[in-house]
Each structure stands twice: as C-alpha cells, then as structure tokens.
Amino acid sequence: MNNSTGSTSTVQAAGVNIKDLRKSYGSNEVLKGISLTVEPGQVVCLIGPSGSGKSTLLRCVNLLEQPNGGTINVGEFEATDPDVDLNRMRRNVGMVFQHFNLFPHLSVLDNCTISQMKVLKRSKSEAAGVARHNLERVGLGHLADRFPDQLSGGQQQRVAIARALSMDPQLMLFDEPTSALDPETVGDVLAVMRKLAQEGMTMLVVTHEMGFAREVADRVVFMDAGVVVEEGPAENVISAPTQPRTKEFLRRVLDPTHIDVVED
Amino acid sequence: MAMTARQRAKVSLYVQAGIFVVAVVAVILAVDWKTIGTSVFNFSKIGPMFPDIFLVGLKNTLIYTALAFVVGLSGGLLLALMKLSSFPLYRWLATGYIEFFRGVPALLVFIAFGYGVPLAFGVQWDVNIVVMVSLGMVASAYIAETLRAGLQAVPKGQMEAARSLGMPQWRAMISIVIPQAFKIVLPPLTNEIILLTKDSSLIYVLGLTASQYELTKFGRDGISSLGAGLTPLLVAGAFYLVITIPLSLLARKFESRSARTKR
C-alpha cells in the first residue's frame, strides 16, 4: 500500500490528466482516444499485451512521442500546448526506460550529476551531494565511481532511477523497467520502486509484473488495441476482472504454461 | 600415404611461404642495383637536407595538416549535423557540398583558392590561409560523412534519456551524443588525418617561398640542388611515416582505452 500523505520528499507531487489521446503511425492508429487520470501521489500501473499502446501512451506524457489529438496535463503544464516549455516540463518528469539508457561515457555519479549541472545549473558539489543521496536511496552509493558497463542490469536500472530522482521530479514514468533484466535482479528494482511509491511519488508504470501491480498500484489500467478496456483498483482488475479480454490476458500472464484451444 | 587434413594445411602454408621467398629473390635479382644506388639510394650526398627537413619540411607539413584538420573537423561536424537536421534545406545544402568537394580533385580546389579566389576578389592570401580553406574544405566533406555515421551509431535511447532529463536538443548533442560518437569515429578519423597529411603535399602548385616548403616540395627541391637523383624525395617520403605511424599508434592506444569504459 502506498500513502500520499506521509511523504518524505520535499518536492510536490504532480498529477497527470489525459483526455481523448490519439496517436497514429501512418495509417496505424495505436492510441484510439485514451483518457486517464493519475492523482498526485498515486501509483497507476498500465498493463496489457504488447502492441496495445501502453508504452506509446507513456512516451506521450513527456512528449517523446507527439500525439495526434487530445490533451495531456502534467501538474501545472499542458504538455499538448504547442507553446509549452518542453524542457522545463521534462525536468519535473522522471523517465525510466526498459533498456536503462545510461550514458556509457560517464561514471555512475556523472550520469546523475550532468543534467543537474547543465539544466538546473547546480554547482558540481551540490549536484554530487544530491546524486550520492539518491544513489544511497537505490542502495548503490558504493558504486558511484563505476561505469555503467561494469554494473549488472538491475544495478544499471537502479542507477537510472537515481539519475531521474536527482532532478527532483514531481512524477515518475516507468516503461517496462524490469523487462530487460535477469530474473534474479528484478526484485531489487521493484523494491526501489515500492519504496518510492510509499514515499508518495506519483508514478505511472508500464509493467508485466502483476505481483507488483497488485501490491503497489492504487489503480490498474488494462489496455488492448489502443483503448482502455478496464480500469479500477488493483484488486478488482487483477483478481476479479469483468471484461473477457482482461480475463484472457491475465490468464495467459499468470498461468503461461496453461494450454488452451485457440478459438479466434 | 594419405595425409591428414592438418598435415595438408601445414604443407600448403610452406608452399605459400616458398612462393613469397622466390618472388622476393626474383625482384632483388632483377633490380639494376648500380643505377639505383646512384639515383635513388644515394645517401652520401643528402647531408645538406638536414636539419632543415625537420625545421622547415616536417614543421610545415605538420602545421598545414593541423590547420586543415581544425577546419575539416569543425566544418565536418557542422555538415554532419546539417545532414541529420529535420530542416530539408540544411540537408540539401550539406549533401550538395559533400558530393561536390568529395568528387573534385583536391588539386583543383587548391588552384581555385590559391589563384582563382585571390584574382576574383583582388586579395592576397597568406599560404596558411589558402591551405586552411582549401584543404580544410575538402577534408570537411570527407569528415562529415564519417561523423554522420558516428552520430547515427549512437543509440536513439541516449538522446531520449537526455531529453527526458530536461536537456535541450543542442545540450544533449554536446554532452551526450557527440562524445560517444567521437569514440566510435576515432579509427576512421585517424584515417582522415593520415590522408590529410599526405594531401598537404598538393600545395606545391601554389609557388611557395623556401621557408614555406613542406616535405614533398622540400624533397623535390633537393632533387634539383643536390645531384643525388631521386634520393631526397625518398628521404622526404620516409618522413611522412614519422608522422603517420605514431598517429596510428596513438589512435590505437585511445581506442583500447575507450573500449574499457564503453559498453
């Protein structure tokens, strides 16, 4: 369970408000009018089969993908306003990628300080202080001087989380953060995310980790073929889905060895 | 008696080595050593080339190459970024420039900037400027393509991660993408510098004063003044290796060092 009141963070949490979001690649419409709200301090997990548009939706929130229609509000920013100061908005939105995307030419510490120094204009020592604090938060303070390629996948992903946290974001986006990890390192990353959720961070998480979603998420959103099929409290959507497509998906994910006659 | 595969491979290697030795011996026997000794390998008369081959020839070759490389690298980077721009006009301009200067002989570019441009605008250029502009412009066309490939080899996720941290496009380029691209292009870039070092010999068409001679011109001058046949040119040629071999070694050292810190 997370709580949005007992936050240890000094940064104000921001919410997300998405209305009728549409996105096409050529003639292929991948988001067909998505509406979704994340209250400040809430954790929302996006689940669904691959190709359902959940990663695209996440990437639209900080405009790594340009939507074709609809509106997105992130805290005080309207992301879809053509005049929005994108760089200023993105400072407030931490993003964690499936493949970490750490900067391989920089040490772990420099990965966490470069944007603080270049974007927030913090001094080198201040940035290093913030970076070390956040590396401690993800349990990797002792690896600050290593380079990314000297770390395991799970360690790299935790550094990526620390890097995002070092910008003091009001919202964190996670794009399948554990999908590229060895099974044995998944737990460490999920533990860090669970802790963040408990500290009151607003989180929008694309994940296949149903256990994590059930335990940590305030709400779960099931997407398929570019639309929201079902959403609600984690317990309801995962343990007692009402829509046939949700049931089918969860059955496959939770019981992958189950063999069934395919009818369609 | 049948041979095993390993024995056959061994015999084949011996045969190849034998053919090589025979070929070398044949060439050595065919050479007219007496004539060659007086007109190409006549080292007894080249004393006067020293120490000026260092102080003038080698020095000027290094200066001309360095000047051209600075222009070539900055111009090449600009062209590479233009080629990757989302603005079509920039892409067309860069493509036109690159195709033109890659396709035209460097010698003609030297003549154009050494004689044509000064005549057209009524200016008198210092030889350093002519080398910088003409060789630099040719070099930037080649370097642009190398850098473009390097920039594109940096995974897209790097730019996305940098932008997600609030960096503007130019800042992400300078701090994240370009440093990684440079590690990728270091070997081909070394190649460009070596080509540039040798292309600097083309400035002989400009009519230099003695203090402006680079290695090749210095060697050609020795042919007419020393009476040792082609020997001075041979000596000058060897000095190019003095530049290019350490350059290769340096690049290799850089490469192995960055391989350690790169995924």
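The values are calculated or read from the model by the stated rules, or taken from the named source; none is laboratory data. In this text the structure is predicted, and so the values were computed from the model without any measurement. Note: ideal-geometry Cβ built from the backbone for every residue, glycine included; neighbour counts use all protein chains shown. Please note that ligands, DNA and RNA were not included when accessible areas were found on the heavy atoms of the full protein model with its side chains. Shrake-Rupley method; radii C 1.70, N 1.55, O 1.52, S 1.80 Å.
So the values come out like this:
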{"item": "Any chance B:Ile111 is in contact (Cβ under 8 Å) with a residue 40 or more places away in the chain, in contact with a Ser or Thr (Cβ under 8 Å, 6 or more places away or on another chain), in a helix (DSSP H, G or I) and closer than 18 Å to B:Thr65 by Cα", "result": "no"}
{"item": "Residue count, segment B:145-191 (criterion: open to solvent by less than 50 Å² (accessible area, probe 1.4 Å) and more than 23 Å from the chain's Cα centre (by Cα))", "result": "19"}
{"item": "Residue satisfying condition, being part of a helix (DSSP H, G or I), more than 18 Å from the chain's Cα centre (by Cα) and among the hydroxyl-bearing types (Ser, Thr, Tyr), within set B:Thr95, B:Thr61", "result": "B:Thr95"}
{"item": "Every residue from segment A:153-201 that is over 24 Å from A:Val130 (Cβ atoms), touching a Gly at 6+ places or on another chain (Cβ under 8 Å) and not in a helix (DSSP H, G or I)", "result": "A:Ala180, A:Leu181, A:Asp182"}
{"item": "Matching residues in segment A:100-128 - criterion: being facing another protein chain (nearest Cβ under 7 Å), aliphatic (A, V, I, L, M) and in a helix (DSSP H, G or I)", "result": "A:Ile114"}
{"item": "Residue check, B:Lys198 touching a Phe, Trp or Tyr at 6+ places or on another chain (Cβ under 9 Å), touching a residue at least 40 places away in the same chain (Cβ under 8 Å) and closer than 19 Å to A:Asp110 by Cβ", "result": "no"}
{"item": "Cross-chain or 6+ apart pairs with Cβ under 7 Å, segment B:26-50 first and in contact (Cβ under 8 Å) with a residue 60 or more places away in the chain, then open to solvent by 60 Å² or more (accessible area, probe 1.4 Å)", "result": "B:Ser39/B:Leu230; B:Val40/B:Leu230; B:Val40/B:Leu234"}
{"item": "Positions within segment B:226-246 being over 10 Å from B:Val40 (Cα atoms) and at pLDDT 85 or above, in sequence order", "result": "B:Ala236, B:Gly237, B:Ala238, B:Phe239, B:Tyr240, B:Leu241, B:Val242, B:Ile243, B:Thr244, B:Ile245, B:Pro246"}
{"item": "Yes/no for A:Ala180 being open to solvent by 20 Å² or more (accessible area, probe 1.4 Å), at pLDDT below 95 and within 30 Å of A:Pro148 (Cβ to Cβ)", "result": "yes"}
{"item": "Tally, over segment A:17-50, of residues that are open to solvent by 10 Å² or more (accessible area, probe 1.4 Å), out of contact with any strand residue (DSSP E or B) (no Cβ under 8 Å at 6 or more places or on another chain) and of a type in the set (Gly, Ala, Ser)", "result": "3"}
{"item": "Scope segment A:43-96; condition away from every other protein chain (no Cβ under 13 Å) and among the hydroxyl-bearing types (Ser, Thr, Tyr); matching residues", "result": "A:Ser50, A:Ser52, A:Thr56, A:Thr71, A:Thr80"}
{"item": "Any hit, segment A:71-92, residues being at positive phi and open to solvent by 20 Å² or more (accessible area, probe 1.4 Å)", "result": "yes"}
{"item": "Single residue of segment A:129-152 satisfying the filter (open to solvent by less than 30 Å² (accessible area, probe 1.4 Å) and part of a helix (DSSP H, G or I)) that is farthest from the other protein chains (Cβ to nearest Cβ)", "result": "A:Gly141"}
{"item": "Test result for B:Tyr97, touching a Lys or Arg at 6+ places or on another chain (Cβ under 7 Å), hydroxyl-bearing (Ser, Thr, Tyr) and open to solvent by 40 Å² or more (accessible area, probe 1.4 Å)", "result": "no"}
{"item": "Qualifying residue in segment A:209-222 (condition: at pLDDT 90 or above, surrounded by 15 or more Cβ atoms within 10 Å (Cβ to Cβ), over 25 Å from A:Asn17 (Cα atoms) and of a type in the set (Phe, Trp, Tyr))", "result": "no"}
{"item": "Matching residues, segment B:208-217, being open to solvent by 30 Å² or more (accessible area, probe 1.4 Å) and not hydroxyl-bearing (Ser, Thr, Tyr)", "result": "B:Ala210, B:Gln212, B:Lys217"}
{"item": "Condition met for B:Gly229 (free of Cβ contacts under 8 Å to residues at least 60 places away in the same chain, at positive phi and either surrounded by fewer than 22 Cβ atoms within 10 Å (Cβ to Cβ) or in a loop (DSSP other than H, G, I, E, B) (or both))", "result": "no"}
{"item": "Segment B:162-184 residues that are at the interface with another protein chain (Cβ under 9 Å from one of its Cβ atoms) and β-branched (Val, Ile, Thr), paired with ones that are part of a loop (DSSP other than H, G, I, E, B) and open to solvent by less than 10 Å² (accessible area, probe 1.4 Å) (beta carbon under 8 Å, 6 or more apart)", "result": "B:Ile176/A:Phe103; B:Ile176/B:Met167"}
